[in-house]
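Notes follow once the structure below has been shown.
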Amino acid sequence: MDSSVKTSTAKVYRVRVNKYNWADITIDEWDSGGSFKCISDYGNYSYIWSSIGEACLREFLISLDYYYFMNKAHHSKGGHRFSIKNTVIEIKNEIIKQRRTRDLTDENARRCFNETIDEISDINEAEYIALFPNTVIASIVYNDDYESFPCDNEDIPECRGFWDVIWPVICAYWKNELILSGIIS
């Protein structure tokens with residue numbers, strides 16, 4: 001068996017915010033890539049970027065948006081999850097829109113609105129996926145077009161908390177670090 005072990009020096013950033021929120025973030029940078037590992041009171045995040053171009057890893061991380069970062073580092077559905085509440089709101093808005101444009105009759109609009117409230121307001125994602133194609137709403141409002149069926153999400157609270165509380169602090173620190181080292185201006 002052929003094997004090898006290499007060592008590198010990673011940098012650990014201990015972020016503390018308002019005495020209560022914390023994160024220990026480890027960055028290991030190399031040419032055109034690096035690894036990011038974080039343990040925090042908002043959950044754990046990690047990813048290895050192997051091809052980020054000319055920027056160093058910290059500069060690259062500063063440029064990311066919430067959904068890209070969460071898709072890579074949180075290992076969930078990109079920092080968001082199914083929301084029946086938001087899906088019901090979208091369905092109701094579509095019914096109202098189609099009623100205003102006269103694409104739905106009063107009777108069909110009322111029927112779909114009542115079905116939304118009665119049948120799908122309190123179900124989970126799996127139940128919704130199984131039930132919705134067989135509803136009057138799917139047939140009347142969405143013309144059985146499975147591609148257009150509503151399925152809204154909401155941010156996972158711990159992910160949003162990490163992004164809103166910890167992420168700005170570490171990014172500001174990295175930016176200052178990069179300015180002081182002359183990597184960015």
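So here's what we get for this one:
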item: Members of segment 1-52 that are of a type in the set (D, E) and within 20 Å of L64 (Cα to Cα); result: D24, D28, E29, D31
item: Unmet criterion (only one of (1) farther than 30 Å from G43 by Cβ; (2) modelled with pLDDT of 90 or more; (3) in contact with a Pro (Cβ under 9 Å, 6 or more places away or on another chain)) for E90; result: (1)
item: Residue that is nearest to L104 (Cα to Cα), among those in segment 166-185 that are touching an Asp or Glu at 6+ places or on another chain (Cβ under 9 Å) and assigned to a helix (DSSP H, G or I); result: I166
item: Of all residues making up segment 126-166, the number that are in contact (Cβ under 8 Å) with a residue 60 or more places away in the chain, farther than 30 Å from R14 by Cα and not hydrophobic (A, V, I, L, M, F, W, C); result: 3
item: Selection count, segment 1-33, where residues are assigned to a strand (DSSP E or B) and either modelled with pLDDT under 95 or surrounded by fewer than 17 Cβ atoms within 10 Å (Cβ to Cβ) (or both); result: 14
item: Those residues of segment 114-125 which are free of Cβ contacts under 8 Å to residues at least 40 places away in the same chain and not hydrophobic (A, V, I, L, M, F, W, C), in sequence order; result: N114, E115, T116, D118, E119, S121, D122
item: Search result, residues across segment 35-87 that are of a type in the set (S, T, Y), in contact with a helix residue (DSSP H, G or I) (Cβ under 8 Å, 6 or more places away or on another chain) and touching a residue at least 60 places away in the same chain (Cβ under 8 Å); result: S40, Y42, Y45, Y66, S76, T87
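Here is a yes/no grid of residues against (1) hydroxyl-bearing (S, T, Y); (2) farther than 16 Å from E90 by Cβ; (3) surrounded by 13 or more Cβ atoms within 10 Å (Cβ to Cβ); (4) at pLDDT below 85:
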residue: T105; (1), (2), (3), (4): yes, yes, no, no
residue: A109; (1), (2), (3), (4): no, no, yes, no
residue: C112; (1), (2), (3), (4): no, no, yes, no
residue: E125; (1), (2), (3), (4): no, no, yes, yes
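The values are calculated or read from the model by the stated rules, or taken from the named source; none is laboratory data. All values reported here derive from a predicted model rather than from experimental measurement. A quick note on method: Cβ atoms are made from the backbone with ideal geometry, for glycine too, and the neighbour counts reach across all protein chains shown.
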